[in-house]
């Protein structure tokens with residue numbers, strides 16, 4: 001039986017005071033740094049754009065985790081595959097942005113199909129789902145390399161290569177565009193969840209599937225929708241990454257890893273946390289790479305994962321995660 | 001009065017454990033029926049069998065036609081609202097979002113329904129943005145009723161609405177249930193351990209023992225029945 | 001499983017004879033292939049102890065293999081140690097590493113543990129790149145002695161046999177019961193007096209030790225080269241997949257899992273339709289997915305299913321009833 005005593009008011013996602021204060025301090029630090037040094041500002045802006053991409057993919061991971069308590073190890077490869085699809089569309093004559101939107105639709109269908117065909121049969125077992133997503137990782141990687149080969153390919157730059165100058169700081173149109181697109185897609189998704197009936201249904205299905213079923217929510221379809229939306233986010237991340245990494249089968253692999261770190265940092269259950277975590281990791285990886293000599297390129301990944309491990313040890317629910325109640 | 005719900009020889013099991021051994025009962029349209037029995041008798045399982053939450057065999061007829069073995073989301077669409085043990089409240093969502101979820105299967109504008117909910121539960125409007133998990137036990141029960149009402153169902157299945165509530169609140173809840181039944185024509189099948197108040201509310205009652213109906217009949221008769229008085233009414 | 005029934009002893013006896021005679025029928029290439037099967041056998045056995053028996057997911061055992069592999073190479077180069085003697089050292093070093101990881105791992109469970117171990121698997125291979133003077137960088141290091149194919153076959157299967165016996169001894173008694181209790185319900189196990197931290201950390205240590213030995217064998221099979229590329233995330237994934245295909249929580253299917261991982265890539269490359277090396281990824285990925293969907297309990301589940309079917313078929317046979 002549920003506890004009937006009056007619950008504490010903090011059942012919400014924890015945007016607790018120390019965390020908010022920490023984030024405010026970080027913002028102040030960054031602002032001051034940007035004002036003082038133009039290199040700092042450039043690295044920060046580049047880091048913001050990069051972080052927006054990590055955040056998008058992290059958001060996709062969190063979407064799926066919230067609904068089904070599994071991590072989709074194939075999220076990056078799915079994003080990569082849909083980017084190749086966009087590439088193919090541009091080869092067939094579509095403009096970048098037309099291809100972009102068509103690809104989003106294709107990605108949605110792709111996500112739904114993957115959930116229904118591959119995940120649903122095994123969703124009762126965490127290990128089985130992990131292994132199926134790993135199998136998908138390998139399968140998708142093989143399919144893409146088979147169809148398009150492993151060599152680098154290039155798409156037309158979506159934002160052009162112009163740069164803007166602000167004093168002594170150089171900002172690329174690319175970075176700004178990536179930031180805007182990422183922010184926009186996050187806002188649209190948030191609006192979907194907050195204000196639409198389907199969004200409410202998805203939230204209900206993720207929170208309490210049994211109760212949701214009783215009010216008429218088709219829980220299984222909500223899960224499939226969740227995967228579809230996650231795939232759309234992944235496609236956005238992929239198409240925003242392509243200008244800097246170019247098109248190759250391994251393009252999303254490091255990004256997936258940073259996205260894991262971002263998702264954990266933000267709290268696996270918190271969409272806001274994933275986005276913020278991504279930005280934080282993007283910015284700080286850049287700054288550390290710039291200013292800490294020991295932190296050479298080979299150590300980027302271990303550092304990101306050191307962050308992940310420290311977070312897991314100190315505050316396992318991440319910055320914004322809810323306190324997990326362990327059912328006995 | 002026409003029959004709205006009929007169970008014929010319904011059996012149900014949880015894995016290897018048989019919970020219902022052939023339950024048969026009918027609920028007429030517009031009436032309140034009570035399902036009584038001790039812990040473990042199978043009352044909750046019976047409700048679950050109707051809403052499709054548990055797999056079952058046997059025949060169930062709803063509004064004249066047979067209810068095939070569909071899941072709870074489909075039975076909700078057919079007009080059956082099930083308020084389960086624990087109330088099924090979405091604690092993390094707001095009061096208003098809970099109500100909206102109640103109306104998930106409905107199409108069209110909900111303004112009328114919100115207005116009607118207001119008449120039965122006047123306190124709801126000013127608390128619409130409060131998180132449902134922070135409501136008191138009695139308020140959560142009322143929210144559950146309101147949520148079920150938003151669904152505009154033909155049949156309301158209630159599982160132990162009095163559980164854990166102070167007697168004053170229990171009276172209040174049951175008063176509201178009676179109003180919903182009389183003014184909105186809502187048919188109710190209520191499971192209760194509190195036999196006394198259930199028999200006062202309902203026109204007909206069934207007593208479950210170890211997965212079978214042991215006694216059935218009008219409440220007035222059951223109230224006077226020897227074994228009922230001894231086992232459930234305490235005198 | 002207190003005493004082995006005669007049937008099982010017979011099976012093991014036959015297997016031992018076959019294994020002893022087999023290498024003399026095989027070419028050098030196939031001998032190394034068989035050695036690979038053996039080393040995957042060891043690694044999968046170790047992971048099964050951790051994941052299948054004590055219920056802790058790890059996608060990071062490649063890191064422990066790296067530790068074992070580099071231990072062997074470094075001992076060979078700096079101490080000129082006999083290759084066989086490096087194996088117990090590998091075992092011990094990897095065991096220590098496993099305990100070190102197992103202690104903080106106590107605080108994680110499920111998906112979080114998977115992510116943490118994944119992080120480990122990705123990070124550890126980066127260290128030889130960073131500390132390239134000592135650890136050889138991307139070209140790696142090489143042992144001073146390169147063993148023959150026959151030697152590889154013999155030593156790796158000896159390790160496989162030894163690890164199987166050790167696992168069997170470990171799991172049949174109190175430790176095995178404690179592991180299984182933990183896997184089924186940690187809370188229940190703890191309330192029954194099972195000292196969770198000790199057993200969980202022990203499971204990590206043992207499985208890491210096994211992975212370490214497997215890593216050393218992998219280095220030796222790869223002509224004595226220890227390179228970061230050898231221990232990438234793919235190896236960790238392969239071992240996990242091998243364990244799942246084998247069937248978690250039982251020792252019986254491990255050989256099938258090892259065969260699957262070691263042989264499938266070579267078999268898939270021969271498939272004419274797909275042909276290229278990327279075709280083998282497609283086939284591998286597809287088969288992994290199909291196995292998990294159709295045989296959720298892995299090969300062991302298939303075996304149990306077949307046994308049950310066989311028994312009911314016998315029972316319903318009018319001649320025997």
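Any residue that is modelled with pLDDT of 90 or more, more than 14 Å from chain A (Cβ to nearest Cβ), in contact with a strand residue (DSSP E or B) (Cβ under 7 Å, 6 or more places away or on another chain) and outside any helix (DSSP H, G or I) - is there at least one of those in region B:193-202?
The answer is yes; a qualifying residue exists.
Which number in (1) surrounded by 14 or more Cβ atoms within 10 Å (Cβ to Cβ); (2) at pLDDT below 80; (3) touching a helix residue (DSSP H, G or I) at 6+ places or on another chain (Cβ under 7 Å) marks the one condition that residue C:132 misses?
Unmet condition: (3).
Looking at B:26, B:11, which one is within 15 Å of the chain's Cα centre (by Cα) and surrounded by fewer than 22 Cβ atoms within 10 Å (Cβ to Cβ)?
B:26
Consider region C:1-35. How many of its residues are touching a residue at least 60 places away in the same chain (Cβ under 8 Å) and closer than 27 Å to residue C:296 by Cβ?
Adding up the residues that qualify gives 1.
Just the residues that are facing chain C (nearest Cβ under 9 Å), assigned to a loop (DSSP other than H, G, I, E, B), within 15 Å of residue C:111 (Cα to Cα) and without any contact (Cβ under 8 Å) to a residue 60 or more places away in the chain, please, taken from region A:263-319.
Matches in region A:263-319: A:316 only.
Would you mind stating whether residue B:161 is within 13 Å of chain A (Cβ to nearest Cβ) and either crowded, with 18+ Cβ neighbours inside 10 Å or over 16 Å from the mean Cα position of the chain (by Cα) (or both)?
yes
Return only the number of the condition from (1) more than 14 Å from chain A (Cβ to nearest Cβ); (2) surrounded by 14 or more Cβ atoms within 10 Å (Cβ to Cβ) that residue C:113 does not satisfy.
(1) is the only condition that residue C:113 fails.
For region B:211-224, enumerate the residues that are closer than 18 Å to residue B:43 by Cβ and not in a helix (DSSP H, G or I). Lay out the reasoning, then the answer.
Just the residues of region B:211-224 that are closer than 18 Å to residue B:43 by Cβ, to begin with: B:211-217, B:219, B:222.
Within region B:211-224, B:211, B:212, B:213, B:214, B:215, B:216, B:217 qualify.
Just to be sure before I move on: is residue B:142 at the interface with chain A (Cβ under 10 Å from one of its Cβ atoms) and either crowded, with 23+ Cβ neighbours inside 10 Å or modelled with pLDDT of 90 or more (or both) in the structure I sent?
In short, no.
Please verify whether region A:231-240 includes one or more residues that are farther than 26 Å from residue A:24 by Cα and at the interface with another protein chain (Cβ under 9 Å from one of its Cβ atoms).
No, there is no match, as no residue in region A:231-240 is farther than 26 Å from residue A:24 by Cα and at the interface with another protein chain (Cβ under 9 Å from one of its Cβ atoms).
For region B:32-48, which residues satisfy the criterion of being buried (at least 16 other Cβ atoms within 10 Å of the Cβ) and either away from chain A (no Cβ under 14 Å) or farther than 23 Å from residue B:88 by Cα (or both)?
B:32, B:33, B:34, B:35, B:36, B:37, B:41, B:42, B:43, B:45, B:46
Please pick out the residue among A:79, A:41, A:74 that is touching a residue at least 40 places away in the same chain (Cβ under 8 Å), surrounded by 20 or more Cβ atoms within 10 Å (Cβ to Cβ) and under 27 Å from residue A:290 (Cα atoms).
A:41
Sort out which residues of region C:138-173 are without any contact (Cβ under 8 Å) to a residue 60 or more places away in the chain and closer than 19 Å to residue C:49 by Cα, and write them in order of number.
Of everything in region C:138-173, those that are without any contact (Cβ under 8 Å) to a residue 60 or more places away in the chain and closer than 19 Å to residue C:49 by Cα turn out to be C:162, C:165, C:166, C:169, C:173.
In the set B:208, B:189, which member is in a strand (DSSP E or B), touching a strand residue (DSSP E or B) at 6+ places or on another chain (Cβ under 6 Å) and either under 26 Å from residue A:215 (Cα atoms) or free of Cβ contacts under 8 Å to residues at least 24 places away in the same chain (or both)?
Of B:208, B:189, the one residue that is in a strand (DSSP E or B), touching a strand residue (DSSP E or B) at 6+ places or on another chain (Cβ under 6 Å) and either under 26 Å from residue A:215 (Cα atoms) or free of Cβ contacts under 8 Å to residues at least 24 places away in the same chain (or both) is B:189.
In this structure, does residue B:183 turn out to be modelled with pLDDT of 90 or more, over 28 Å from residue B:10 (Cβ atoms) and not in a helix (DSSP H, G or I)?
For residue B:183, the condition - modelled with pLDDT of 90 or more, over 28 Å from residue B:10 (Cβ atoms) and not in a helix (DSSP H, G or I) - is not met.
Give the residue that is surrounded by the fewest Cβ atoms within 10 Å (Cβ to Cβ), with candidates limited to residues of region A:132-161 that are outside any loop (DSSP other than H, G, I, E, B) and more than 7 Å from chain C (Cβ to nearest Cβ).
Only one residue tops the list, namely A:147.
How many of the residues in region C:174-223 are assigned to a loop (DSSP other than H, G, I, E, B) and touching a residue at least 24 places away in the same chain (Cβ under 8 Å)?
Of the residues in that region, 1 qualify.
Does residue B:49 satisfy the criteria of being outside any loop (DSSP other than H, G, I, E, B), modelled with pLDDT of 90 or more and touching a helix residue (DSSP H, G or I) at 6+ places or on another chain (Cβ under 8 Å)?
no
Please enumerate the residues belonging to region C:163-195 that are surrounded by 13 or more Cβ atoms within 10 Å (Cβ to Cβ), within 14 Å of chain A (Cβ to nearest Cβ) and over 15 Å from residue C:250 (Cβ atoms).
C:185, C:186, C:189, C:190
Results for (1) touching a strand residue (DSSP E or B) at 6+ places or on another chain (Cβ under 7 Å); (2) at pLDDT 95 or above; (3) in a helix (DSSP H, G or I), shown as yes or no for each residue.
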site	(1), (2), (3)
A:53	no, no, yes
A:70	no, no, no
A:73	no, no, no
A:78	no, yes, yes
A:88	no, no, yes
A:93	no, no, no
A:107	no, yes, yes
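Hey, does region B:75-93 have a residue that's out of contact with any strand residue (DSSP E or B) (no Cβ under 9 Å at 6 or more places or on another chain) and either in contact (Cβ under 8 Å) with a residue 60 or more places away in the chain or within 7 Å of chain A (Cβ to nearest Cβ) (or both)?
Scanning region B:75-93 turns up at least one residue that is out of contact with any strand residue (DSSP E or B) (no Cβ under 9 Å at 6 or more places or on another chain) and either in contact (Cβ under 8 Å) with a residue 60 or more places away in the chain or within 7 Å of chain A (Cβ to nearest Cβ) (or both).
Just give me the residues in region C:35-82 being assigned to a loop (DSSP other than H, G, I, E, B) and touching a helix residue (DSSP H, G or I) at 6+ places or on another chain (Cβ under 8 Å), in sequence order.
Scanning region C:35-82 gives C:54, C:55, C:56, C:57, C:58, C:59, C:60, C:81.
Any residue that is crowded, with 21+ Cβ neighbours inside 10 Å and away from chain B (no Cβ under 14 Å) - is there at least one of those in region A:188-199?
Yes, region A:188-199 contains a residue that is crowded, with 21+ Cβ neighbours inside 10 Å and away from chain B (no Cβ under 14 Å).
Only one of A:173, A:165 is in contact (Cβ under 8 Å) with a residue 12 or more places away in the chain, surrounded by fewer than 17 Cβ atoms within 10 Å (Cβ to Cβ), out of contact with any helix residue (DSSP H, G or I) (no Cβ under 6 Å at 6 or more places or on another chain) and over 24 Å from residue B:129 (Cα atoms); which? Lay out the reasoning, then the answer.
Working: A:165 fails: in contact (Cβ under 8 Å) with a residue 12 or more places away in the chain.
Answer to the check: A:173.
Within region A:96-118, can you find the residues that are more than 7 Å from chain C (Cβ to nearest Cβ), in contact (Cβ under 8 Å) with a residue 12 or more places away in the chain and surrounded by fewer than 23 Cβ atoms within 10 Å (Cβ to Cβ)?
Passing the criteria: A:96, A:97, A:100, A:102, A:104, A:106, A:108, A:109, A:110, A:112, A:116.
Tell me yes or no: at least one residue of region B:99-122 is more than 9 Å from chain A (Cβ to nearest Cβ), surrounded by 18 or more Cβ atoms within 10 Å (Cβ to Cβ) and under 15 Å from residue A:214 (Cβ atoms).
For region B:99-122, residues more than 9 Å from chain A (Cβ to nearest Cβ), surrounded by 18 or more Cβ atoms within 10 Å (Cβ to Cβ) and under 15 Å from residue A:214 (Cβ atoms): present.
The values are calculated or read from the model by the stated rules, or taken from the named source; none is laboratory data. Bear in mind the structure is a predicted one, so any value in this text is a computation, not a measurement. Every residue, glycine as well, gets a Cβ built from its backbone with ideal geometry; the counts of neighbours run over all protein chains shown.
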